[in-house]
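The structure appears below as structure tokens.
What follows draws every value from the coordinates through simple rules; no lab data is involved. The structure presented is a predicted model; accordingly, all values stated were derived computationally and were not measured. Don't worry about glycine lacking a Cβ; one is built from the backbone with ideal geometry, like all the others, and counts go over all protein chains shown.
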Amino acid sequence: MTTTPHSSNELDIRSLGKRYANNQASGGELQVLQDIDLHVPAGRFVSIVGASGCGKSTLLRLVLGLDAQYEGRILLDGQPISGTGRERGIVFQDHRLFPWLNVAQNIAVGLRNAPLSAREKRELVAEHVALVGLEGFEKSFPHQISGGMAQRVAIARGLVNRPRVLLLDEPFGALDALTRSRLQNELQRIWQKERITMLLVTHDVEEAVFLGDRVVVMQPAPGRIKRIVEVNLPHPRNRSDPAFIALRDDVLGDFIDLDADAAPAATPPPERPGLGLPGRLQLAW
Ligand SMILES: Nc1ncnc2c1ncn2[C@@H]1O[C@H](COP(=O)(O)OP(=O)(O)OP(=O)(O)O)[C@@H](O)[C@H]1O
Ligand SMILES: [Mg+2]
């Protein structure tokens, strides 16, 4: 399946606001997102980082079309989105595979409404099994593969329908650091090959800078954009490149500021091994 030749796959979010009914005793409404303006150019990779509860998943739910109650506009190639659609795919933190389906069948779920013959679907599934490096595991069931492999199946399922935009909500959040770093490399490789417009939500600043062309820093209560950082570094990124480290630390500084307001530390926090994250941030997140 191919996208229409005139489509550019760009996503435009304009003055987006979202309120939920507040079920606390006070009643009223909770403003979760406010004045979100975000342009995701076609084929680019945009990362969103922000503290827990600042509305990242809510934003992706709105772009996916799961909730039509919002203010502002969400446009794909200039057209307002309407409900969910095959042109927008999503990968969640937990892989959400069906335990009674094998790897190939789980990937094929992404094609269930596609107007393709059985043979075309089989070919696409095989192509995506290979894309995420799972040849030989087509007939394995979710309980027979590792967490990282299951997450790769979820990525293949999200990609198999050739969405114009792939939304990723903490796709590696439940994985150990080594598997996470491997899958980040793999996602970067897939994105370079497929050039699908990607919007990634993460808690992990290093992941955001490693993958994103642009990093959107959100702040909470209500969730809004604090700033947008351009990552003008060539792909594939090198985590030990001083320019990469400088950008990562620059973005991390936003969260240290937030945290410092709540609980100023007399001494610098210890480094978290491997990730270079100040220990205090782990508590805040
Ligand atoms: N269906 C809902 N009804 C009422 N409030 C909701 C609903 N869904 C989310 N919220 C509230 O909206 C806010 C943002 O939630 P959201 O899940 O978008 O945050 P998040 O940034 O994804 O957090 P995390 O990083 O922990 O996943 C939270 O205060 C949450 O309690
Ligand atoms: Mg979330």
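What does the convex hull of the Cα atoms come to per residue for the range 1-135, in Å³?
159 Å³
Over the Cα atoms of the chain, compute the convex hull volume and normalise it per residue, giving Å³.
148 Å³
For a quick check: sort His235, His143 by the number of other beta carbons within 10 angstrom, fewest at the front.
Placing the least packed residue first, the sequence is His143, His235.
Can you compute the charge dipole magnitude of the chain about its Cα centre, using +1 on each Lys and Arg Cβ and -1 on each Asp and Glu Cβ, nothing else charged? Give it in debye, rounded to the nearest 20.
Using only the charged Cβ atoms, the result is roughly 840 debye.
Run lengths n ≥ 4 of DSSP H only: what is the helix-derived mean residue ellipticity at 222 nm for the chain, with -39500 (n - 2.57) per run over all residues, to the nearest 500?
-10000 deg cm²/dmol
Given 20 °C and 1.002 mPa s, compute D for the range 41-99 with the Stokes-Einstein relation, Rh being the Kirkwood radius over Cα pairs; round to the nearest whole µm²/s.
Stokes-Einstein gives a translational diffusion coefficient of 161 µm²/s.
So for the chain, if I pair up every lysine 8 or more residues apart or on another chain, how many of those pairs have alpha-carbons under 23 Å apart?
Lysine pairs meeting both conditions in the chain amount to 5.
For Val32, which sequence-distant residues (separation of 5 or more, or a different chain) have an amide H within less than 5 Å of its own amide H, given hydrogens modelled in the peptide plane?
Hits under the 5 Å cutoff: Lys18, Arg19, Tyr20.
I need Leu252, Leu116, Leu178 ordered by Cβ neighbour count within 10 Å, fewest first.
The most exposed by this proxy come first: Leu178, Leu116, Leu252.
Please list, ordered by chain and number, the residues whose modelled amide H lies under 5 Å from the amide H of Ile48; skip anything fewer than 5 residues away on the same chain.
Close amide H contacts, sequence-distant or interchain: Leu200, Val201, Thr202, Val216.
Would you mind listing how long the range 164-218 runs along its three principal axes, going by Cα atoms, in whole Å with the largest first?
29, 26, 16
List every residue whose amide H lies under 5 Å from the amide H of Val91, counting only residues 5 or more places away in sequence or on a different chain, with H placed 1.01 Å from N in the peptide plane.
Placed amide hydrogens put Leu167, Leu168, Asp169 under 5 Å from Val91.
When the Karplus curve 6.51 cos²θ - 1.76 cosθ + 1.60 is applied with θ = phi - 60°, which whole-Hz ³J(HN,Hα) does each residue of the range 217-228 get, with x for Gly and Pro?
The phi angles translate into 9, 9, 10, x, 6, x, x, 8, 7, 7, 6, 10 Hz.
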